[in-house]
Amino acid sequence: MIPNDLRTLSMLDWLENDLLLIINSCEPASSDASFRRYFRVRTVEGDYIVMDAPPEKENIESFIKVAGILAHSQVNVPTIFQQNLSDGFLLLEDFGSKCYLDELNADNATRLYQCAFEALFKLQSLTDINSCNLPSYDVPLLQRELSIFNEWFLTQLLDVQIPSELWEAVSEKLIVSALEQPKVCVHRDYHSRNLMVLTEDSPGIIDFQDAVVGPITYDLVSLLKDCYIAWPLDQVEAWMTDYFEKLVNAGLIACSSDQFKRGFDLMGMQRHLKAIGIFSRLHLRDDKSTYLQDIPRTLNYVMAVCSSYPEFAEFGEFLQNQIKPLLDDTLLLIKNNAINEAAL
């Protein structure tokens, strides 16, 4: 049933009275980790998705801008049919409800990822980073993202303090690695929940409004070391190597496979630390606790990288010996509290 709140009523008024659509049904389509909501509206003319993005909390202009950039790069993003900037509504093409996360299995993974690689290659090779006017993934942004892990996961969720010298050393190594990489257009959330399985020109790509110019491995590691689904390490490395060779052949990079893998691993570590912090913040601040279940998988990615690079051994020991046991206890406590509250 469609929520009966003021923004929804305002959205329906825009659709019916301004756009003159005859609505047969309107149901929630999805929500995400932001303040945006999405509704699927079925009309005489066809099905659409309506984005509800409160202007005081979401930058709808950024979505429109990046949609144009990616469409120009032949990336399949939803067509924007109508826009209401003052109220924060967009009428979008409906990509359906089959995202990669729901469809992936051992039999179709290679085929689906190949389509995702082709779309990513278009994004990286056809987007002119000198004229697209996207923000840069610079030192302040990287520092802010890493601070989310420290503030929301360690301090707020677990009530733990990491030795400052250790954290500064880890942060510096990750930031230096990111800045050393060739720069391309970066989707920034290129993973299984934002890739839609379509019958033509698949995947359809969504949730791209935070795109930046940044490290070439960022989106690849987002895809292959996904916070929501994990694949065997040898399979991940095989896919990574294939894409590396594609980049080399296209002249987009000029480094050894070992250098690329290190950049890939450390970029993933930076992203996963940020994601762990965001998942914690969603629970503590926004009452979106389902993301807590993804923290152990994401933390495992980080610890695996730490075990592969001697310079992160001390950080890996800190995570393994102090953080992981405390996390297990904290998640169990939160789960039990939720069960008790539901029983009341």
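Bear in mind that the values in this text are calculations on the coordinates, not laboratory data. All of these numbers come straight from a predicted model, not from anything done at the bench. Note: ideal-geometry Cβ built from the backbone for every residue, glycine included; neighbour counts use all protein chains shown.
Near Ser289: Cβ cut-off under 14 Å, other residues only, Lys/Arg at +1 and Asp/Glu at -1. The net charge is 0.
Split the chain at each of the GluC sites (Glu not before Pro) in a DSSP loop with at most 13 other beta carbon atoms within 10 Å, and the longest piece is 201-344.
When you restrict to C-alpha pairs under 8 Å that are six or more residues apart and normalise by the size of the chain, the relative contact order lands at 14 percent. Only the Cβ atoms of Lys and Arg (+1) and of Asp and Glu (-1) were treated as charged; on that basis the dipole of the chain about its Cα centre amounts to roughly 240 debye.
Between Ala109 and Ala169, the C-beta separation translates, for a Förster distance of 30 Å, into a calculated FRET efficiency of about 0.25. Taking amide H positions as modeled 1.01 Å from N, with prolines and chain starts lacking one, the residues under 5 Å from Cys99 and 5 or more places away or on another chain are Val197. The C-alpha atoms of the chain define a longest principal axis, and helix 233-249 lies at about 80 degrees to it.
Cross-link check: pairs Lys261/Lys288; Lys122/Lys288; Lys98/Lys335; Lys65/Lys274; Lys288/Lys324; Lys225/Lys324 evaluated at a Cα-Cα cut-off of 27 Å; pairs beyond the cut-off: Lys261/Lys288; Lys122/Lys288; Lys98/Lys335. I'd like the orientation of helix 164-180 relative to the chain: the angle between its Cα long axis and the longest Cα principal axis, in ° from 0 to 90, rounded to 10. Relative to the chain, helix 164-180 is tipped by roughly 60 degrees. Net charge in the neighbourhood of Thr298 (other residues with Cβ under 11 Å of its Cβ; Lys, Arg +1, Asp, Glu -1) is +2. Working note: 222 nm ellipticity from helices only, DSSP H runs with n ≥ 4, each -39,500 (n - 2.57), summed and divided by the residues of the chain, gives -15000 deg cm²/dmol to the nearest 500.
Using a 7 Å offset from Cα along Cα-Cβ at Asp294, what residues in the range 247-273 end up with backbone N under 16 Å from the label point? Label zone hits: 268-273. In the range 130-279, the convex hull through the Cα atoms has an average projected area of 10.3 nm², a quarter of its surface area. Two decimals is fine: what's Rg over Rh for the range 1-149, C-alpha atoms, Kirkwood radius as Rh? For the range 1-149, the value is 1.00. For the chain, the alpha carbon convex hull comes to 155 Å³ per residue, rounded to a whole number. Can you give the percent of C-alpha pairs in the range 6-93 whose distance is more than 18 Å? It works out to 42 percent of all Cα pairs.
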